[in-house]
2 protein chains.
Amino acid sequence: MEVIRSNFADALERVGEAIHEAEFLAIDAEFSGLEQVADLRKSEYDVEQYYIDIAALVKRYNIIQFGLCAFTWSAVSQSYISKPFNFYLFPTTTTGTARLDRPFSVQPSAIDFLAKHSFDFNKWLYCGIPWLTQAEEESLVQQYRNKVQKGFDDIVEDKKGKEYMETARIQIKQVYTSKDGFVNLVPHNAYLRRLVYQEIRNHHPDLIAQGRPGFIQVRVAKKDESDQIKQRDMDRFERDLSEARGFRAVFDMMKASRKPIVGHNLLVDIMMMQSQFEGGLPADFEAFKRDIQMSFPCILDTKFICETAAGLQIKSTSLDALLDQTSQYDCPPVDMHPAFTRYFEGRLHEAGYDAYVTGRLLIRLMYHLGASPTDIGVAQHQRAIAKSGPVGQNKHAKVDMNTLKAYYNKLNLSKGHFTVVNLDA
Amino acid sequence: MEVIRSNFADALERVGEAIHEAEFLAIDAEFSGLEQVADLRKSEYDVEQYYIDIAALVKRYNIIQFGLCAFTWSAVSQSYISKPFNFYLFPTTTTGTARLDRPFSVQPSAIDFLAKHSFDFNKWLYCGIPWLTQAEEESLVQQYRNKVQKGFDDIVEDKKGKEYMETARIQIKQVYTSKDGFVNLVPHNAYLRRLVYQEIRNHHPDLIAQGRPGFIQVRVAKKDESDQIKQRDMDRFERDLSEARGFRAVFDMMKASRKPIVGHNLLVDIMMMQSQFEGGLPADFEAFKRDIQMSFPCILDTKFICETAAGLQIKSTSLDALLDQTSQYDCPPVDMHPAFTRYFEGRLHEAGYDAYVTGRLLIRLMYHLGASPTDIGVAQHQRAIAKSGPVGQNKHAKVDMNTLKAYYNKLNLSKGHFTVVNLDA
């Protein structure tokens with residue numbers, strides 16, 4: 001399901017439902033870029049330094065497309081049911097009274113890569129969903145409260161402003177004697193408009209100034225009118241704030257669910273998510289690991305599993321190559337939920353589809369390794385099989401996620417002489 | 001005329017012709033963003049500080065669309081003929097052997113503004129024309145020469161690399177005894193591929209390794225083959241370099257022409273162009289003025305003229321409002337060259353169209369102020385009229401650009417308590 005600005009509010013309930021019922025959540029993200037850091041093969045380079053170098057880059061770039069695919073086991077159909085969502089993310093400022101303008105970096109080679117895979121940049125920039133971190137949201141609320149309590153900051157009248165306001169003040173006074181009960185002022189630019197509002201605010205508490213297309217109407221306030229306007233303004237701010245919060249609602253639901261998060265080579269994805277939706281990254285790797293443990297206690301990296309599990313005989317661990325190489329693995333079918341029609345045909349490198357493929361891969365690995373457990377997972381595997389109960393008429397006993405417990409929170413670092421980042425260590 | 005990556009090489013000749021024959025060049029640019037600097041109304045703020053603050057921002061952002069409209073006087077039709085070009089600019093890395101990956105910033109509110117005016121972001125990011133500064137071009141040439149002379153830098157064999165290369169070395173030796181005269185190697189990732197090339201380069205000068213889809217073919221070199229390959233590589237590099245140089249060819253032609261450059265509120269446009277195509281901006285405003293004098297000796301800002309010329313009675317100096325307010329000015333017709341069909345209907349805020357509108361506005365101002373010269377321009381005006389010769393049967397004597405000499409190199413700074421940046425001072 002494609003989720004953009006216009007259907008985000010409606011989609012949110014379905015996303016929440018999918019997360020709630022899921023056994024695990026597969027994710028994938030496309031970035032606006034990410035430059036190379038130092039050559040990871042150099043032996044003096046360690047994970048702590050890698051974290052610091054990547055963190056500095058991660059802060060500048062954005063996730064521009066986020067794929068979330070929820071997988072559920074259906075006892076009825078004896079298959080997994082998947083619900084893939086593909087979100088476009090762009091920090092638009094078109095959220096009315098609750099807006100933040102946050103520049104970010106774009107790396108041309110990342111754009112060229114996305115173009116090669118038919119990325120729709122118009123959809124991204126016209127329809128991307130915004131987000132606010134918790135801190136950004138609180139700061140907007142605080143700003144709004146200050147504005148309501150103390151009003152706007154006054155601006156200085158420059159020469160042209162003075163000229164214009166001399167005439168404007170005469171016009172404003174005419175309101176009190178006007179037959180219609182109002183006058184229309186036509187300040188020609190945003191600066192002069194601000195001066196008019198400032199004049200009314202500071203010197204005419206009994207008048208109301210309202211923006212109209214091309215002019216400002218000034219009139220005598222009715223009884224309780226200014227309270228009503230305040231209430232209407234606050235309602236609008238709440239609506240705008242909810243729109244601006246946007247995708248963080250999904251991130252918060254993912255966190256709250258404490259469901260296993262599955263990705264392919266997802267260390268940087270996790271750093272990017274944490275930076276973008278929590279607001280920045282801690283200064284060192286130890287603190288980052290603690291933060292991630294709190295947010296996502298169980299993370300599985302299919303690339304790490306494929307790189308390290310004994311007996312898999314895998315040549316290439318890119319996502320599309322893995323889908324081929326594991327196609328003969330014996331496991332229950334993975335069906336697409338019938339309401340999710342977008343990926344009946346494949347769309348590799350679209351985040352929602354890649355998340356779906358990653359989840360399928362995890363299921364194959366789970367059953368394959370569950371059937372012929374590796375040294376690393378024997379004990380967990382036996383416990384998991386025992387827990388799942390006896391094999392009945394069905395071809396496949398349901399295998400528990402804990403079959404893969406040995407791989408929990410171990411993330412691939414593909415280009416290093418080290419190949420694992422252990423979040424639990 | 002819309003100019004994108006695919007028709008740029010073909011369009012270049014027409015652009016050059018239009019610049020060559022033009023009386024003046026109107027320009028406009030759309031940026032990927034530009035944040036606000038300090039409040040210019042504060043009295044302690046001066047032009048030098050403004051330059052420094054804007055320069056710091058300009059370096060981070062890019063021109064993403066450039067409008068160039070060449071205006072010529074046609075004695076035959078007694079009208080001006082305009083040729084508007086609209087270039088999309090994006091520093092793509094898809095220029096083969098001559099590529100640079102230069103991240104830049106995007107400001108969400110700038111994107112929202114462009115979206116409001118139907119900007120085609122897919123055209124920008126799929127079809128934008130790249131550019132190289134002179135220094136970047138020289139550095140790529142130097143890199144290429146180094147590569148040819150000294151070859152690639154060697155990389156270290158890690159554990160997986162060693163494993164793979166043990167087998168690969170045995171395969172490579174089989175070339176000499178092979179019936180077919182070649183062997184095909186299948187390294188599974190870019191790292192292993194580099195190791196294969198490195199092996200051939202360092203230990204088998206008599207062999208040739210050539211990349212094929214999915215594998216590398218290694219075979220015995222024929223006589224002179226390596227010289228031929230070198231020549232072919234160099235030809236390809238030259239082609240790629242020319243593609244990567246891209247839009248700088250237009251910028252260089254504009255500079256070389258020394259034609260008057262006309263824009264509306266174009267101080268930042270000029271800074272952006274200078275930064276993007278010359279490579280950076282000087283540290284202080286004095287040096288910037290000297291640089292601009294060298295590149296563009298005559299710049300006219302229609303906004304500055306409208307803000308300051310006596311007797312114009314102009315209320316709003318935004319481009320679209322000015323087109324309305326000056327519609328009754330008496331001047332020769334401005335025709336679109338018949339081969340330039342894109343703007344038969346208006347497309348405000350597309351750079352090519354805005355450049356065209358700016359040029360039309362300049363012509364109106366030139367004839368209006370020429371007919372009723374302001375104090376500021378009297379002397380120049382009289383000289384200009386004298387130079388143009390007597391008024392014949394035509395309704396309009398051709399007015400010389402020098403009518404506007406008093407406005408040369410004076411640029412508007414709209415939000416300041418100062419309203420002029422004098423590049424000549």
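Looking at A:GLN49, A:GLN78, just one residue is farther than 23 Å from B:LEU100 by Cα, free of Cβ contacts under 8 Å to residues at least 40 places away in the same chain, more than 14 Å from chain B (Cβ to nearest Cβ) and of a type in the set (S, T, N, Q), and that residue is A:GLN49. Restrict the check to segment A:111-133 and report whether at least one residue is touching a residue at least 12 places away in the same chain (Cβ under 8 Å) and more than 14 Å from every other protein chain (Cβ to nearest Cβ). The answer is yes; a qualifying residue exists.
Go through (1) more than 19 Å from A:ILE129 (Cα to Cα); (2) surrounded by fewer than 19 Cβ atoms within 10 Å (Cβ to Cβ); (3) within 14 Å of chain B (Cβ to nearest Cβ) one by one and return the number of the condition A:ASP101 breaks. Only one criterion in (1) more than 19 Å from A:ILE129 (Cα to Cα); (2) surrounded by fewer than 19 Cβ atoms within 10 Å (Cβ to Cβ); (3) within 14 Å of chain B (Cβ to nearest Cβ) is unmet by A:ASP101, namely (1).
In this structure, A:TYR407 does not satisfy being modelled with pLDDT of 90 or more, surrounded by fewer than 19 Cβ atoms within 10 Å (Cβ to Cβ) and in contact with a helix residue (DSSP H, G or I) (Cβ under 6 Å, 6 or more places away or on another chain). Filtering segment A:338-361 to residues that are charged (D, E, K, R), over 11 Å from A:HIS264 (Cα atoms) and buried (at least 24 other Cβ atoms within 10 Å of the Cβ) leaves only A:GLU350. Across segment A:83-97, the number of residues qualifying as over 30 Å from A:GLU23 (Cβ atoms) and away from every other protein chain (no Cβ under 14 Å) comes to 1. Within segment B:280-295, the residues that satisfy the criterion of being in contact with a Leu (Cβ under 9 Å, 6 or more places away or on another chain) and in contact (Cβ under 8 Å) with a residue 24 or more places away in the chain are B:PHE288, B:LYS289, B:ILE292, B:GLN293. Annotation: A:GLN210 fulfils all but one of (1) more than 39 Å from the chain's Cα centre (by Cα); (2) not in a helix (DSSP H, G or I); the unmet one is (1).
Can you find, within segment A:159-192, the residue that is nearest to the other protein chains (Cβ to nearest Cβ) among those that are hydroxyl-bearing (Ser, Thr, Tyr) and surrounded by 15 or more Cβ atoms within 10 Å (Cβ to Cβ)? Break it down stepwise before answering.
Residues of segment A:159-192 hydroxyl-bearing (Ser, Thr, Tyr): A:164, A:167, A:176-178, A:191.
This time we only want the ones that are surrounded by 15 or more Cβ atoms within 10 Å (Cβ to Cβ), so: A:164, A:191.
On the way: A:TYR164: 11, A:TYR191: 8 Å.
Residue satisfying both the conditions and the ranking: A:TYR191.
The set of residues in segment A:328-348 being over 25 Å from the mean Cα position of the chain (by Cα) and not in a loop (DSSP other than H, G, I, E, B) consists of A:VAL334, A:ASP335.
Considering only residues that are basic (Lys, Arg) and over 14 Å from B:VAL220 (Cβ atoms), which ones fall in segment B:161-208? Of everything in segment B:161-208, those that are basic (Lys, Arg) and over 14 Å from B:VAL220 (Cβ atoms) turn out to be B:LYS162, B:ARG169, B:ARG193, B:ARG194, B:ARG201.
Tell me, yes or no, whether segment B:367-385 has at least one residue that is modelled with pLDDT of 85 or more, surrounded by 14 or more Cβ atoms within 10 Å (Cβ to Cβ) and either under 29 Å from the mean Cα position of the chain (by Cα) or not hydroxyl-bearing (Ser, Thr, Tyr) (or both). Yes: segment B:367-385 contains one or more residues that are modelled with pLDDT of 85 or more, surrounded by 14 or more Cβ atoms within 10 Å (Cβ to Cβ) and either under 29 Å from the mean Cα position of the chain (by Cα) or not hydroxyl-bearing (Ser, Thr, Tyr) (or both).
Residues to consider are A:VAL196, A:VAL183; find the one that is in a strand (DSSP E or B) and either assigned by TED's automatic domain parsing to the domain that holds A:GLN210 or without any contact (Cβ under 8 Å) to a residue 12 or more places away in the chain (or both).
On the way: A:VAL196 fails: in a strand (DSSP E or B).
None of the others qualify; the one that does is A:VAL183.
Just checking, how many residues over segment B:211-227 are in contact with a Lys or Arg (Cβ under 9 Å, 6 or more places away or on another chain) and exposed (fewer than 13 other Cβ atoms within 10 Å of the Cβ)? Counting residues in segment B:211-227 that are in contact with a Lys or Arg (Cβ under 9 Å, 6 or more places away or on another chain) and exposed (fewer than 13 other Cβ atoms within 10 Å of the Cβ) gives 1. A:GLN171 satisfies every condition listed in (1) more than 30 Å from A:LEU89 (Cβ to Cβ); (2) not in a helix (DSSP H, G or I) except (2).
For segment A:313-333, taking the residues that are surrounded by 18 or more Cβ atoms within 10 Å (Cβ to Cβ) and more than 14 Å from every other protein chain (Cβ to nearest Cβ), the one that is nearest to A:ASP28 (Cα to Cα) is identified as A:THR326.
Once segment B:25-43 is narrowed to residues that are within 9 Å of another protein chain (Cβ to nearest Cβ) and surrounded by 15 or more Cβ atoms within 10 Å (Cβ to Cβ), the residue that is modelled with the lowest pLDDT is B:ARG41. Filtering segment A:126-135 to residues that are assigned to a helix (DSSP H, G or I) and either touching a strand residue (DSSP E or B) at 6+ places or on another chain (Cβ under 9 Å) or not aliphatic (A, V, I, L, M) (or both) leaves A:TYR126, A:CYS127, A:GLN134. Restricting to segment B:56-75, and then to whatever is free of Cβ contacts under 8 Å to residues at least 60 places away in the same chain and at the interface with chain A (Cβ under 10 Å from one of its Cβ atoms), can you tell me which residue is surrounded by the most Cβ atoms within 10 Å (Cβ to Cβ)? Of everything passing the filter in segment B:56-75, B:LEU57 is surrounded by the most Cβ atoms within 10 Å (Cβ to Cβ).
The values are calculated or read from the model by the stated rules, or taken from the named source; none is laboratory data. Remember, predicted model here, so these are calculated numbers, not experimental data. Neighbour counts are summed over all protein chains in view; Cβ atoms, including those assigned to glycine, are modelled from backbone coordinates with ideal geometry.
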